[in-house]
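Peer 1: One structure follows; several queries about it will come next.
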Amino acid sequence: MGTLKSRLVSPLALGAVFLMVACGGGGGTTIPTQTGPLSLGVIAPFTGPAAEFGKLLSAPCVAATDLINAAGGISGHQIACTSIDDTGDAADAVPNVTRAIATTTNLDMAIGLESNTAATTVPLVNAAKIPFFTTNGLTSFTKNNLQYYYRMTPGDDANGAAFAVWAVRQGYKNIDIVFQNNIGSEGNLPGLNAAMPKLGGKIVNQYTIPADAASYSSEVARVIADKPDALIWSADPQTTATFMSSYKQLNNGVLPAMVTATDSLTPDFFNAVKKVVGVQYVTQSIWLVGSYFDQTTPAFNTYKAALLADAKTHDIAPVLSTVGPPAGAYDGINIMALAMIMAHSTVGSVYNADVLKIVLPKAGAVVVGNYADGKAALALGKQIQYVGVLGQPAFDQYHNSAGEFDANKFNADGSATQVGTISGAQVIGLLA
Amino acid sequence: MQLLIEAIGFGIAAGAVLALGAVGFSVQFGMSNILNITYGSLMTLAAYIGLFAIDRGVNPWAALALAGIAVGIASVALHRWLLAPLARRGTRPFAIVIVTVSAGIVLQYVIVAVAGPDAQSYGEQSGQTFHLLGMIMSASQVTIIVLATVLMLGLHLLLTRTTLGRAMRATSSNRILAQSCGIDTDLISDVAWLISGALCGAAGVALAITTVSFDFSIGPIFLIPMIAAAVLGGIGQPYGAMVGGLVVGIATELAAAFSNPAYSEVVAFGILIVMLLVRPRGLFGAAWATRRLMA
């Protein structure tokens, strides 16, 4: 019997071994490999009222991929930006992003996924195991369990608190909040409501206005009656221009100061508002608050030089180099690219484990501020620590890194000047 | 009380623009029974024709007239070469609506391709502000109200006091009977689409003047309240559309003044639904139809 048993077992064992080998099993794991150029998805609105975001987020992709390709690519792969139009509308975003994920060859990293559509696009990209650096500010992502999600810009509630800090610092104690009815703007309200009283300021009234209405006269009349020192503002360029024009008309030419987000630091916003209320108001009375970054570091200089060097981004470089979210996207691309090298794989599910290792402060590591330096150090077998345009990222357990804040003003040519900084610790403290 | 009076004034100003567009839309529908959704994109086209003219030094009101003529001609072309042939071939009304939606989208994309997606403006508004019975209006708003009133009166006189107007009403009431009476109904349709297109063009430029800032989406966005005004007044009834425009304009502004402004349009459309539940044919539907048969 024993002999029979051993004769029976042997062919079974051989068959099992054959099956394991054929199925790629054998107890170990095979690292998937890819051929050809890599795709970097820029998931943003490229059509519709928010199309400006697509333009803004494509630029850091162009800058980063130019530098990566000039440095020899990633493990022999060249990389190219792929525009994925989420239209700024969740109803269109879901099919568009789903289709792009299914049909784009080597879609291994992504940026964008802004607030208007993030609630629907972020889970899709995460489920596809594609690491991504999002520019959305939704507070719902402040705590999350998404493995492939990274955010280097503050949540909207923190931005709201930063608006309050800057308004009070300028002496605007009585403010009206006027927000367009979109999810990003609404997200600022909790932070503003929490921070303003703690800073000794007062929110006289808050209004939510529809976008692109034929008239805002009644809303303007109500705001004028409140006699605010300043408006905490968030609306698209066209809505802003229509509202402020009406304000000027109904208030004998006098306009209140405005504190708004650096999201409005765009040529479209500048031109739309300048045309209807004049350049003096736009350059002197509008404060734009957002993520702070030091504009003297080597990392920043590399970023700005890359923006200026490419004809596609040259014109927008002066504005873009002062806005946090695109800079965060640029840093994110470099971090993901370096993680690919560290992991010896361009596959998201593999290199994702190395993303945080790229930015983690560690003794003896070579501090790098661009892809080429990081790649060279890794090739020499050294440990690296990426400190990019937004400075040293400090990701929490939810992969959020809020950073510091600053305030900017428009220059007459539409570019911006940094006029002050706000401590990130103070902002987070006000939210507690 | 002051805010109430101001809001009514703002509503009249907004309603005048809506009325201009709604009357044109209603005339088109009354004459050809086609729900022309391209109307919104034609308004956008008018706004950009106005911009093109104003950027070259043309007075805004002359630009409004130019855009009115251009869009009037475009409307005739749209009807004669696209919509009328479809109707003659027995295409279902719903399919024709979809064709107008498609044509509107194509036109909108052409406008974006030519003019770009960025916000545009006719320039800083520096006109005088008028205070009348507690209402505040800009010079351009007063001009638009006067213009809308004059155009509405002109349309009224055309429809009721001229042979052309009677022919238009006859064609609208019963096309076959009108043909048997010797009326060239195709020509009358062209004239009706020319007039309604001109009103559409005027509304597009008036809207761009009122909003001060606009982009390629301006027409389609305002098409819905405009249709609401036309339906409220009794679809196909020009006089009803005038009143409907004012009701929607004033209701929207009152809602913005006394409730959460985010829901101002919701309140206006809520009134529309309630009104239609009470009077399914709109404010002037039955009465005007009776007058039309008796005139």
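Peer 1: Taking into account only those residues within segment B:127-150 that are in a loop (DSSP other than H, G, I, E, B) and more than 18 Å from B:GLY50 (Cβ to Cβ), which is modelled with the lowest pLDDT?
Peer 2: B:GLN128
Peer 1: A further question on this structure: Which fully enclosed helices (runs of 4 or more DSSP H) of segment B:1-91 have 1 or more residues being more than 14 Å from chain A (Cβ to nearest Cβ), surrounded by fewer than 21 Cβ atoms within 10 Å (Cβ to Cβ) and touching a residue at least 12 places away in the same chain (Cβ under 8 Å)?
Peer 2: The qualifying helices (runs of 4 or more DSSP H) are B:60-78, B:84-88.
Peer 1: Could you check, for segment A:97-111, whether at least one of its residues is of a type in the set (A, V, I, L, M), assigned to a loop (DSSP other than H, G, I, E, B) and assigned by TED's automatic domain parsing to the domain that holds A:GLY332?
Peer 2: no
Peer 1: Next question, about the same structure. Kindly check whether there is at least one residue in segment A:200-209 that is of a type in the set (D, E, K, R) and in contact with a Phe, Trp or Tyr (Cβ under 6 Å, 6 or more places away or on another chain).
Peer 2: No.
Peer 1: Determine, yes or no, whether A:LEU56 is within 25 Å of A:GLY388 (Cβ to Cβ) and at pLDDT below 95.
Peer 2: The answer is yes for A:LEU56.
Peer 1: Among the residues of segment A:423-432, which ones are in a loop (DSSP other than H, G, I, E, B) and out of contact with any strand residue (DSSP E or B) (no Cβ under 9 Å at 6 or more places or on another chain)?
Peer 2: Selection gives A:ALA432 alone.
Peer 1: Sticking with this one: Checking A:GLN280 against (1) under 21 Å from the mean Cα position of the chain (by Cα); (2) surrounded by fewer than 23 Cβ atoms within 10 Å (Cβ to Cβ): exactly one of these is not met. Which one?
Peer 2: With respect to (1) under 21 Å from the mean Cα position of the chain (by Cα); (2) surrounded by fewer than 23 Cβ atoms within 10 Å (Cβ to Cβ), A:GLN280 is out only on (1).
Peer 1: Looking only at segment A:56-80, count how many residues are surrounded by fewer than 22 Cβ atoms within 10 Å (Cβ to Cβ) and of a type outside the set (A, V, I, L, M).
Peer 2: So the answer is 8.
Peer 1: So which of A:THR266, A:THR240 is within 30 Å of B:GLY9 (Cα to Cα) and either within 14 Å of chain B (Cβ to nearest Cβ) or modelled with pLDDT under 95 (or both)?
Peer 2: A:THR240 is the lone residue from the list that is within 30 Å of B:GLY9 (Cα to Cα) and either within 14 Å of chain B (Cβ to nearest Cβ) or modelled with pLDDT under 95 (or both).
Peer 1: Separate question: From A:VAL42, A:VAL94, which residue is touching a Leu at 6+ places or on another chain (Cβ under 8 Å) and more than 19 Å from A:LEU320 (Cβ to Cβ)?
Peer 2: A:VAL94
Peer 1: Please find, within segment B:202-252, the residue that is farthest from the other protein chains (Cβ to nearest Cβ) out of those that are of a type outside the set (A, V, I, L, M, F, W, C) and under 16 Å from B:ILE145 (Cα atoms).
Peer 2: B:TYR239
Peer 1: Are there any pairs, at least 6 apart or on different chains, whose C-beta atoms fall under 8 Å, with the first in segment A:365-377 and not assigned by TED's automatic domain parsing to the domain that holds A:MET342 and the second assigned to a helix (DSSP H, G or I) and at pLDDT below 95, and if so, which?
Peer 2: none
Peer 1: Another question about this same structure. For segment A:235-250, which residues satisfy the criterion of being polar (S, T, N, Q) and over 17 Å from A:ASN181 (Cα atoms)?
Peer 2: Residues satisfying the conditions are A:SER245, A:SER246, A:GLN249.
Peer 1: If you check A:ALA337, A:ALA272, A:ALA343, which single one turns out to be free of Cβ contacts under 8 Å to residues at least 40 places away in the same chain and more than 29 Å from A:ASP157 (Cα to Cα)?
Peer 2: A:ALA343
Peer 1: Please work out which residue is farthest from B:GLN128 (Cα to Cα), limiting yourself to segment A:222-267 and to residues that are in contact with a helix residue (DSSP H, G or I) (Cβ under 8 Å, 6 or more places away or on another chain) and free of Cβ contacts under 8 Å to residues at least 12 places away in the same chain.
Peer 2: Among those residues, the one meeting the criterion is A:ALA225.
Peer 1: Output the residues belonging to segment A:131-159 that are surrounded by 24 or more Cβ atoms within 10 Å (Cβ to Cβ) and farther than 16 Å from A:PRO325 by Cα.
Peer 2: A:PRO131
Peer 1: So which strands (runs of 3 or more DSSP E) stay within segment A:309-422 end to end and still have 1 or more residues that are among the small types (Gly, Ala, Ser) and surrounded by 15 or more Cβ atoms within 10 Å (Cβ to Cβ)?
Peer 2: A:405-410, A:416-422
Peer 1: Is at least one residue of segment A:153-164 away from every other protein chain (no Cβ under 14 Å), of a type in the set (Ser, Thr, Tyr) and in contact with a helix residue (DSSP H, G or I) (Cβ under 7 Å, 6 or more places away or on another chain)?
Peer 2: Checked segment A:153-164: at least one residue is away from every other protein chain (no Cβ under 14 Å), of a type in the set (Ser, Thr, Tyr) and in contact with a helix residue (DSSP H, G or I) (Cβ under 7 Å, 6 or more places away or on another chain).
Peer 1: Additional query: Please give the number of the condition B:GLY134 fails out of (1) within 14 Å of chain A (Cβ to nearest Cβ); (2) more than 16 Å from A:LYS248 (Cα to Cα); (3) free of Cβ contacts under 8 Å to residues at least 24 places away in the same chain.
Peer 2: So the condition that B:GLY134 fails would be (3).
Peer 1: Suppose we filter segment A:126-137 for residues that are within 19 Å of A:LEU56 (Cα to Cα) and not hydroxyl-bearing (Ser, Thr, Tyr); how many remain?
Peer 2: Of the residues in that region, 4 qualify.
Okay, residues lined up against (1) among the hydrophobic types (A, V, I, L, M, F, W, C); (2) modelled with pLDDT of 80 or more; (3) assigned to a helix (DSSP H, G or I):
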site: B:PRO225; (1), (2), (3): no, yes, yes
site: B:ALA228; (1), (2), (3): yes, yes, yes
site: B:VAL231; (1), (2), (3): yes, yes, yes
site: B:LEU246; (1), (2), (3): yes, yes, yes
site: B:GLU253; (1), (2), (3): no, yes, yes
site: B:SER264; (1), (2), (3): no, yes, yes
site: B:ILE273; (1), (2), (3): yes, yes, yes
site: B:ALA286; (1), (2), (3): yes, no, yes
site: B:ARG291; (1), (2), (3): no, no, yes
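Peer 1: Is it the case that segment B:172-192 has a residue that's surrounded by fewer than 19 Cβ atoms within 10 Å (Cβ to Cβ), in contact with a Phe, Trp or Tyr (Cβ under 9 Å, 6 or more places away or on another chain), in a helix (DSSP H, G or I) and modelled with pLDDT under 90?
Peer 2: no
Peer 1: Name the helices (runs of 4 or more DSSP H) wholly within segment A:171-227 that hold at least 2 residues that are over 24 Å from A:ILE422 (Cα atoms) and at the interface with another protein chain (Cβ under 9 Å from one of its Cβ atoms)?
Peer 2: A:217-226
Peer 1: With the checklist (1) at pLDDT 90 or above; (2) outside any helix (DSSP H, G or I); (3) in contact with a strand residue (DSSP E or B) (Cβ under 8 Å, 6 or more places away or on another chain) in hand, flag the one item A:THR121 doesn't pass.
Peer 2: Failed condition: (2).
The values are calculated or read from the model by the stated rules, or taken from the named source; none is laboratory data. The structure presented is a predicted model; accordingly, all values stated were derived computationally and were not measured. So basically every Cβ, Gly included, is an ideal-geometry build from the backbone, and we count neighbours across all protein chains shown.
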